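The structure appears below as structure tokens.
FYI, it's all coordinate maths here, none of it is from the lab. Values in this document were obtained by computation on a predicted structure and should not be read as measured data. Here the Cβ positions follow ideal geometry from the backbone for every residue, glycine too, while neighbour counts run over all protein chains shown.
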Amino acid sequence: MEPIIEVKELSKEFKIYHHRRGFLGTFVNLFSRQHTVVRAVDHISFSMRRGEIVGYIGPNGAGKSTTIKMLTGILVPTSGHLTVNGYVPHRERKENARRIGVVFGQRTHLWFDLPVQESFELLRHIYQIPMKQYRENLELFDSIFELKGFFKTPVRQLSLGQRMRADIAAALLHNPDVLFLDEPTIGLDVVAKERLRQFIRQINVERQVTIILTTHDLDDVERLCERIILIDNARILFDGPLAAIRNLLSSERLLIVDYAEEYADVDMRDAVIVHREKGRVHYRFSLDEISAADLIGEILSRFKIVDLSVQEPEIEEVVRAIYENKVSIEQPVDGPLRSV
Ligand SMILES: Nc1ncnc2c1ncn2[C@@H]1O[C@H](COP(=O)(O)OP(=O)(O)OP(=O)(O)O)[C@@H](O)[C@H]1O
Ligand SMILES: [Mg+2]
């Protein structure tokens, strides 16, 4: 089968101009504008097949968003080739846009002052979505994302989790084949994150939507992606199954729970209490024994809580581990591994 996304030797450079100050500076600026070049994406190559979910991960400034922007046609590459659904995104922007959905977690694509429903109606017109498809999609997305409860609420008043669900549903209304999710879980609490992950998985399975997911959250990757592309400093450091580097990741997590009361017995079968201070309890647990979602579910079923958070390893740690363990990664685990 033809790959749905093909990226070959893709690079993007940004020129940053330095302005001289003062009267003379302005004069000099007219004739020579000094600049430095930032190479945000440096000869990146990969391809994806239909229905895949790839975790596109890396430290801050690695070049993830820049790659997504080139794939969506927002940015023009400095060099290299790329096709999405057979289209060259920056040259065939409209054709490409009709087949892709994009969500940037940092900002909404919906109209801030309009109720969700009206934003959706506008999108229906923009994409000329047939009424039947629109209605069917709304039904499906409501069954997954539970939209109806806030359908008439202006986007500006939505909680972050509601907004993200609305944003993802909006990005899917026109039945795209590919969905780009740039930090979709950013800022969400653990429970909302977990629900959103379930939604993303369901969309992928039920619609065979190909998904590129950018995230700093290793638990997103753990829960959603079989394959990861790890980029560091604008280059691909690793491309392969998560299983191949899972042993580099610690499976230990810390869950911090603020209970509504000082309950006497808050022991959990699959977690160890490592610290306790009034209503706040720190649990250590291993993902090999229980998922964060299940542990949280158990706690919520027994107690009232005020807040909770899960501490997970940082991407930077994985990057470091890969540099240090380069040799062991290059040993294929099952099948050939393309580690760069
Ligand atoms: N429009 C721009 N002009 C100049 N430099 C840019 C521009 N956009 C990105 N960069 C630079 O390119 C590099 C890659 O940025 P990019 O936003 O792709 O990183 P990222 O991997 O998405 O990071 P983060 O995890 O923080 O979102 C950074 O050094 C950034 O400062
Ligand atoms: Mg980014």
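Starting from the Cα gyration tensor of region 252-312, multiply each eigenvalue by 5, take the square root, and state the resulting semi-axes largest first in whole Å.
Working: eigenvalues 58, 28, 21 Å².
The equivalent ellipsoid of region 252-312 has semi-axes of 17, 12, 10 Å.
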Approximate spin-label separation Leu160-Ser250, in nm, with each point projected 7 Å along Cα-to-Cβ: 2.4 nm
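Per the Kirkwood definition applied to all pairs of different Cα atoms, how many angstroms is the hydrodynamic radius of region 6-154?
Numbers: mean 1/r = 0.0530 Å⁻¹.
Value: 18.9 Å, from the Cα pair sum.
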Stretchable slack from Lys152 to Ala260, in nm (0.36 nm times residue separation minus alpha-carbon distance): 35.7 nm
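Counting only DSSP beta bridges with both residues in the chain, what percent are antiparallel, rounded to the nearest 5?
On the way: 45 of 63 bridges.
Here the share of antiparallel DSSP bridges comes out near 70 percent.
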Unit charges on C-beta of K, R, D, E only; dipole of the chain, Debye: 1680 debye
Once phi is turned into θ = phi - 60°, what whole-Hz ³J(HN,Hα) does the Karplus curve with 6.51, -1.76 and 1.60 give for every residue of region 6-17, x standing for Gly and Pro? 10, 10, 10, 6, 6, 9, 9, 10, 10, 9, 10, 8
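Within the set of other residues whose C-beta is less than 14 Å from the C-beta of Lys132, count the net charge using Lys and Arg as +1 and Asp and Glu as -1. Please report the intermediate quantities before stating the final value.
Working: positive: Arg124, Arg135; negative: Glu136, Glu139.
Net local charge, Lys132 excluded: 0.
Only four residue types carry charge here, +1 at the Cβ of Lys and Arg and -1 at the Cβ of Asp and Glu. Report the dipole size of region 252-312 about the Cα centre in Debye, rounded to the nearest 20.
Details: 8 positive and 14 negative charges, 33 e Å.
That gives a dipole near 160 debye.
Check the chain and count each lysine pair with an alpha-carbon distance under 15 angstrom, considering only pairs eight or more places apart or from different chains.
Numbers: Lys12/Lys64; Lys12/Lys69; Lys69/Lys94; Lys278/Lys304.
Total qualifying Lys-Lys pairs in the chain comes to 4.
Using the Kirkwood radius over C-alpha pairs as Rh, can you work out the diffusion coefficient of the chain via Stokes-Einstein at 25 °C, viscosity 0.890 mPa s, in µm² per second?
111 µm²/s
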Extension gain (nm, one decimal) between Phe303 and Gln208, 0.36 nm per residue minus Cα-Cα: 30.4 nm
Using each residue's phi in region 195-200, evaluate 6.51 cos²θ - 1.76 cosθ + 1.60 at θ = phi - 60° and report the 3J(HN,Hα) Karplus result to the nearest Hz, with x for Gly and Pro. 5, 4, 4, 4, 4, 4
I'd like the FRET efficiency for Leu140 and Leu242, computed as 1/(1 + (r/R0)^6) with the beta carbon distance as r and R0 of 45 Å, rounded to 0.05. 0.95
Candidates Gly240, Gly61, Gly105, ranked by Gaussian network fluctuation over the chain, Cα under 10 Å, top entry: Gly61
What is the extension gain from Asp189 to Lys8, computed as 0.36 nm multiplied by their sequence separation minus the C-alpha to C-alpha distance, in nm to one decimal? 61.5 nm
Whole number please: convex hull volume per residue of the Cα set in region 220-323, in Å³? 113 Å³
For a quick check: with amide H placed at 1.01 Å from N, whose amide H comes under 5 Å from Val88's, ignoring anything fewer than 5 positions away on the same chain? none
